[in-house]
Amino acid sequence: QVRLVESGGGLVQAGGSLRLSCSASGSIFSINVMGWYRQFPGKQRDLVAIVTSAGSPVYASSVKDRFTISRDNANNTVYLQMTSLKPEDSAVYYCAADIRSTIWQRESRSWGQGTKVTVSS
């Protein structure tokens, strides 16, 4: 059993910053990709940013140069530093991680419960 717990969402004014954190716990042998997705009301969940275990990031074009993803492999934690926030960044942000629970198992994707980010204009 794997659990992802997110924190750091909330209300911020346009132009402000927020930092999201997500920690994985439970039965973990290894974690490959960790990242963040967001979901607007009535829409599908979209990629925001992901980072490999080696630290290579990939960003959605809409957040590149404003958001920074990083991870702490020793603590199975991924962060999303969000700056220059815009009202259109308002969404529920979900943490995701591709986790292998034991050496004999394949990777499977786990999701956090989501944290709401609201950017006021």
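Please work out which one of (1) under 20 Å from G55 (Cβ atoms); (2) among the basic types (K, R); (3) not in a strand (DSSP E or B) is the condition R106 fails and give its number.
Checking R106 against (1) under 20 Å from G55 (Cβ atoms); (2) among the basic types (K, R); (3) not in a strand (DSSP E or B), the one that fails is (1).
Just give me the residues in segment 83-121 being among the aliphatic types (A, V, I, L, M) and under 15 Å from L18 (Cα atoms), in sequence order.
Going residue by residue through segment 83-121, those that are among the aliphatic types (A, V, I, L, M) are 85, 91-92, 96-97, 99, 103, 117, 119.
Passing the criteria: L85, A91, V92, V117, V119.
On the basis of being of a type outside the set (F, W, Y), in contact with a Leu (Cβ under 7 Å, 6 or more places away or on another chain) and either open to solvent by 50 Å² or more (accessible area, probe 1.4 Å) or more than 17 Å from T115 (Cα to Cα) (or both), does A14 make the cut? Walk me through how you get there before you give the answer.
Details: of a type outside the set (F, W, Y): yes; in contact with a Leu (Cβ under 7 Å, 6 or more places away or on another chain): yes; either open to solvent by 50 Å² or more (accessible area, probe 1.4 Å) or more than 17 Å from T115 (Cα to Cα) (or both): yes.
The answer is yes for A14.
I need every pair where a residue in segment 13-39 that is in contact (Cβ under 8 Å) with a residue 60 or more places away in the chain and under 14 Å from R109 (Cα atoms) has its Cβ under 6 Å from the Cβ of a residue that is buried (at least 16 other Cβ atoms within 10 Å of the Cβ) and among the basic types (K, R), sequence separation at least 6 or different chains.
Pairs that qualify, where the first residue is in contact (Cβ under 8 Å) with a residue 60 or more places away in the chain and under 14 Å from R109 (Cα atoms) and the partner is buried (at least 16 other Cβ atoms within 10 Å of the Cβ) and among the basic types (K, R), are F29/R100; S30/R100; M34/R71.
Which number in (1) of a type outside the set (S, T, Y); (2) loosely packed, with under 15 Cβ neighbours inside 10 Å; (3) without any contact (Cβ under 8 Å) to a residue 60 or more places away in the chain marks the one condition that K116 misses?
Result: K116 fails condition (3) only.
Name the residue that is farthest from the chain's Cα centre (by Cα), counting only residues in segment 27-61 that are surrounded by 18 or more Cβ atoms within 10 Å (Cβ to Cβ) and not aliphatic (A, V, I, L, M). Give the steps one after another, and end with the answer.
The initial filter retains those residues of segment 27-61 that are surrounded by 18 or more Cβ atoms within 10 Å (Cβ to Cβ), namely 31, 33-38, 48-51, 59.
Now restrict to residues that are not aliphatic (A, V, I, L, M): 35-38, 59.
On the way: G35: 4, W36: 3, Y37: 6, R38: 8, Y59: 11 Å.
Checked segment 27-61; the qualifying residue farthest from the chain's Cα centre (by Cα) is Y59.
Determine, yes or no, whether G35 is of a type outside the set (S, T, N, Q) and modelled with pLDDT under 95.
Values: of a type outside the set (S, T, N, Q): yes; modelled with pLDDT under 95: no.
Considered against the rule, which asks whether it is of a type outside the set (S, T, N, Q) and modelled with pLDDT under 95, G35 comes out as no.
Go through L47, L80, L85 for me and flag whichever is touching a Gly at 6+ places or on another chain (Cβ under 9 Å), free of Cβ contacts under 8 Å to residues at least 24 places away in the same chain and aliphatic (A, V, I, L, M). Explain how you work it out, then say what you get.
On the way: L80 fails: free of Cβ contacts under 8 Å to residues at least 24 places away in the same chain; L85 fails: free of Cβ contacts under 8 Å to residues at least 24 places away in the same chain.
On inspection, the qualifying residue turns out to be L47.
Can you tell me which residues in segment 80-101 are crowded, with 23+ Cβ neighbours inside 10 Å and hydrophobic (A, V, I, L, M, F, W, C)?
Applying the first criterion (crowded, with 23+ Cβ neighbours inside 10 Å) to segment 80-101 yields 80, 82, 93, 95, 97, 99.
Passing the criteria: L80, M82, C95, A97, I99.
The values are calculated or read from the model by the stated rules, or taken from the named source; none is laboratory data. Just so it is clear, the model here is predicted, and its values are computed rather than measured. Backbone-built Cβ (ideal geometry, glycine too); neighbour counts: all protein chains shown. Side chains are part of the model used for accessible areas, which takes the heavy atoms of the whole protein and leaves out ligands, DNA and RNA. Shrake-Rupley method; radii C 1.70, N 1.55, O 1.52, S 1.80 Å.
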